[in-house]
1. Please list, ordered by first then second residue, the pairs with beta carbon atoms under 6 Å, 6 or more apart or interchain, first in the range 1-19 and under 20 Å from V37 (Cβ atoms), second in a loop (DSSP other than H, G, I, E, B) and β-branched (V, I, T).
2. Looking at the structure I just gave you, is L71 surrounded by 16 or more Cβ atoms within 10 Å (Cβ to Cβ) and of a type outside the set (D, E)?
3. Check the range 28-42 and report whether any residue there is more than 13 Å from L71 (Cβ to Cβ), more than 8 Å from the chain's Cα centre (by Cα) and in a loop (DSSP other than H, G, I, E, B).
Amino acid sequence: MDLTKHQYNRETLKKYLYELNIADILKTQKLDVTFAVRYVLNPKYQLAENETKITPNMVLHYQPHIHKLELVEAMLAYDSDDDSVEDFETVANR
């Protein structure tokens, strides 16, 4: 997948989440606020060191279509049971 040349839909990004760097996804793809909260800002999916340094302010910087209030509301409403990507160990053992 070439994140710099192509825009991928939400389902494709979720499918390849563990094969891609979340920071690269943040910087190159147009994301919706729920994807940003559930996957980009979620420590559960941050495996590389640069991914663990992603902050809400970085999301707002790289995703200027997401408004601060919208992000805050999505973060407050987030329920980890909404996650729909299997954990890394399950995916890696396939």
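1. K14/V85; L17/V85
2. Working: surrounded by 16 or more Cβ atoms within 10 Å (Cβ to Cβ): yes; of a type outside the set (D, E): yes.
Yes, satisfied.
3. Yes, the range 28-42 contains a residue that is more than 13 Å from L71 (Cβ to Cβ), more than 8 Å from the chain's Cα centre (by Cα) and in a loop (DSSP other than H, G, I, E, B).
Let's see how each residue does on (1) modelled with pLDDT under 90; (2) outside any helix (DSSP H, G or I):
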{"position": "N50", "(1), (2)": "no, no"}
{"position": "N57", "(1), (2)": "no, no"}
{"position": "H61", "(1), (2)": "no, no"}
{"position": "P64", "(1), (2)": "no, yes"}
{"position": "L69", "(1), (2)": "no, no"}
{"position": "M75", "(1), (2)": "no, no"}
{"position": "D81", "(1), (2)": "yes, no"}
{"position": "V85", "(1), (2)": "yes, yes"}
{"position": "E89", "(1), (2)": "yes, no"}
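The values are calculated or read from the model by the stated rules, or taken from the named source; none is laboratory data. All values reported here derive from a predicted model rather than from experimental measurement. Note that we place each Cβ from the backbone using ideal geometry, even for glycine, and neighbour counts take in every protein chain shown.
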